[in-house]
Every structure is written in structure tokens, then in C-alpha cells.
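The values are calculated or read from the model by the stated rules, or taken from the named source; none is laboratory data. This structure is a prediction, so every number in the text was calculated from the model and none was measured. Cβ atoms come from the backbone with ideal geometry, glycine included; neighbour counts cover every protein chain shown. Protein only, heavy atoms only, side chains kept; ligands, DNA and RNA dropped before computing areas. Shrake-Rupley method; radii C 1.70, N 1.55, O 1.52, S 1.80 Å.
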Amino acid sequence: MRTIASTSNIHTPPSWLDPIDWSTVFASQQPIEVDIGCGKGAFLLWAAQSRPDHNFLGVERLLLRLRKVDRKAQRRGLRNVRFIRLEASYLVSRLVPSCSISVYHLYFPDPWPKRRHFQKRLLNPAFASELLRTLVAGGCLNTATDHEDYFRQMERVLAGIGEFRREAPISLPVEAQTDFEREFLAAGKTVFRGRWVKAS
């Protein structure tokens with residue numbers, strides 16, 4: 001007989017207008033990593049299990065998907081994971097306090113490949129500036145995409161913000177790969193990875 005946890009890790013802020021008090025979200029005060037568009041949770045759950053000394057926030061718009069990942073986290077007994085259902089741009093620009101995030105993970109965001117849709121891409125100068133504001137000194141942004149044009153745009157946007165320093169990207173084990181990444185690699189596509197660190 002399957003046991004279902006009685007509490008959810010999906011966080012609802014007391015206000016959608018004021019900065020989040022992280023002490024009300026996580027039981028332990030430790031570095032916070034944010035997985036933007038956590039999807040089915042492969043990376044997030046692997047990371048949280050691998051690094052219990054860090055807190056992880058998964059951001060996702062789709063409630064059904066979020067509930068599924070939440071159940072997986074509960075079954076694994078992960079206490080350092082929380083989720084929030086919200087547009088990433090609103091979360092970062094309105095709710096995340098300055099200098100409070102250790103790492104952002106942005107893996108396989110929607111590339112909006114048609115030129116007329118480029119303005120819908122998440123990583124634009126305004127969003128990059130908010131990432132910089134909310135990162136701690138020495139904090140970083142890790143990215144991955146199979147869409148080369150979008151990756152080159154990411155490079156240009158982040159290069160335009162002088163406080164970001166480019167570093168060698170991280171490599172992840174197979175168990176940490178998203179479904180998208182596995183599909184792309186199986187199809188022989190190239191995955192473009194980047195890592196940018198906020199200067200201290």
C-alpha cells in the first residue's frame with residue numbers, strides 16, 4: 001500500500017507583491033539554488049539529493065507537472081526542496097530579494113525560434129539584470145540549450161552585463177539530465193552549455 005505524504009512542498013507566498021522571506025520557505029538556512037522551468041524534475045531532484053547542504057527551489061508554470069515532481073520529492077524524503085508555480089520573470093524581478101540566490105539553473109528554455117517571437121525569450125537584458133541583482137557575490141547562472149541561435153543570444157546578453165564573468169560550464173551525470181537533453185543527445189544534437197559568475 002502506497003503512503004502519500006500529508007504535506008506539499010509547493011510554496012504559496014503570503015503576498016504576491018512583496019519579496020519572499022526565505023526563512024519561511026526553507027527549514028534550514030543554507031545556500032539557495034533555483035531551477036527555472038524545472039519540468040519533470042530530473043535535474044532538481046538529483047541536485048537536491050546530491051547536495052543536502054543546499055536548498056532548491058523549482059519554478060514551473062504547469063500545476064499538474066509541479067504536483068508530480070512534488071510527489072517524487074516527498075517519496076524521496078527530500079527536505080531541502082520547495083516549488084513555486086509562477087512565471088520565472090515575475091518571480092525573479094518581484095519576489096526574490098537582492099543578493100539571496102547562490103545559483104540559477106536555466107536548462108532548455110523555450111527557444112521561440114521564429115524571429116517574430118524573439119521578444120518572448122526569457123533571457124533578455126532586463127531578466128539578466130534581475131538575475132545579477134538577486135545573486136550573491138560569486139553566485140552563478142548555469143544554462144543549457146540545443147538551440148544555437150538562442151545560446152548565442154544568451155552570450156551576447158550576458159557579455160553586455162559587465163559584472164558577469166564567463167567560466168567553463170559544468171558537466172552533469174546522465175541521471176541529472178532533463179528529458180529534453182536525453183532526447184536531443186539521442187538525436188545527435190549538440191547541447192550548448194554556459195556558466196556565468198557574478199563578480200564579487
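Taken over the Cα atoms of the stretch 1-106, the convex hull encloses 101 Å³ per residue.
For the stretch 66-161, the mean projected area of the C-alpha convex hull, equal to one quarter of the hull surface, is 7.3 nm².
Taking every protein chain into account, the accessible area of the chain amounts to 52 square angstrom per residue (probe 1.4 Å). Basic side chains Lys and Arg get +1 at the Cβ, acidic Asp and Glu get -1 at the Cβ, and with that the dipole of the chain about its Cα centre reaches some 480 debye.
Could you work out the Kirkwood radius for the chain, taking every pair of different alpha carbons, averaging 1/r and inverting it, reported in Å? Working shown, then result.
Values: mean 1/r = 0.0576 Å⁻¹.
Result for the chain, one decimal place: 17.4 Å.
Our helix-only sum for the chain, with -39,500 (n - 2.57) per DSSP H run of n ≥ 4 divided by its residues, gives a mean residue ellipticity at 222 nm of -7500 deg cm²/dmol. Taking a ≥ b ≥ c as the square roots of the eigenvalues of the alpha-carbon gyration tensor, the stretch 27-77 is classed prolate because a/c is 1.5 or more and a/b outweighs b/c. If R0 equals 35 Å, the separation of the Cβ atoms of Q29 and T190 corresponds to a calculated FRET efficiency of about 0.35.
Taking D18, D179, D35 and ordering them by how much accessible surface each has at a 1.4 Å probe, largest first, produces D18, D179, D35.
Taken one residue at a time, the phi angles of the stretch 12-20 give Karplus couplings (6.51, -1.76, 1.60, θ = phi - 60°) of 10, x, x, 9, 8, 10, 9, x, 6 Hz. Gly and Pro are set to x.
Please report the antiparallel percentage of the DSSP beta bridges confined to the stretch 82-200, to the nearest 5.
Bridges in the stretch 82-200 that DSSP calls antiparallel: roughly 60 percent.
For the stretch 97-111, 3J(HN,Hα) computed residue by residue from phi via the Karplus equation (6.51, -1.76, 1.60; θ = phi - 60°) reads x, 4, 6, 10, 10, 7, 9, 10, 10, 10, 10, 6, x, 4, x Hz, glycine and proline entered as x.
The fraction of accessible area contributed by carbon and sulfur in the chain is 52 percent, rounded to a whole number (1.4 Å probe; ligands and nucleic acids excluded).
Length gained on full extension, R152 to S15, computed as 0.36 nm times the residue gap minus the Cα-Cα distance: 45.7 nm. Projecting the Cα atoms of S98, L131, P173 onto the dipole axis of the stretch 74-200, where Lys and Arg carry +1 and Asp and Glu carry -1 at the beta carbon, places S98 farthest toward the positive end.
Proximity of backbone amide H atoms, modeled 1.01 Å from N, is registered between G58 and D35, R82, F83, I84 at under 5 Å, excluding neighbours fewer than 5 places apart on the same chain.
Of the cross-linked pairs K40/K120; K72/K114; K114/K198; K72/K120; K72/K198; K120/K198, those separated by over 29 Å at the C-alpha level are K72/K114; K114/K198; K72/K120; K72/K198.
To two decimal places, what compactness ratio does the stretch 121-191 give when its Cα radius of gyration is scaled by 2.2 N^0.38 Å?
On the way: Rg = 13.6 Å, N = 71, 2.2 N^0.38 = 11.1 Å.
Relative to the rule-of-thumb radius for its length, the stretch 121-191 sits at 1.22.
Sorting the segments 48-56, 79-87 by their residues' average number of neighbouring beta-carbon atoms within 10 angstrom, most packed first, yields 79-87, 48-56.
Within the chain, antiparallel bridges make up roughly 30 percent of the DSSP beta bridges whose residues both belong there.
A straight line joining the Cα centroids of the stretch 162-190 and the stretch 65-103 runs 20 Å. If R0 is 30 Å, the Cβ-Cβ spacing of A168 and R115 corresponds to a FRET efficiency of close to 0.45.
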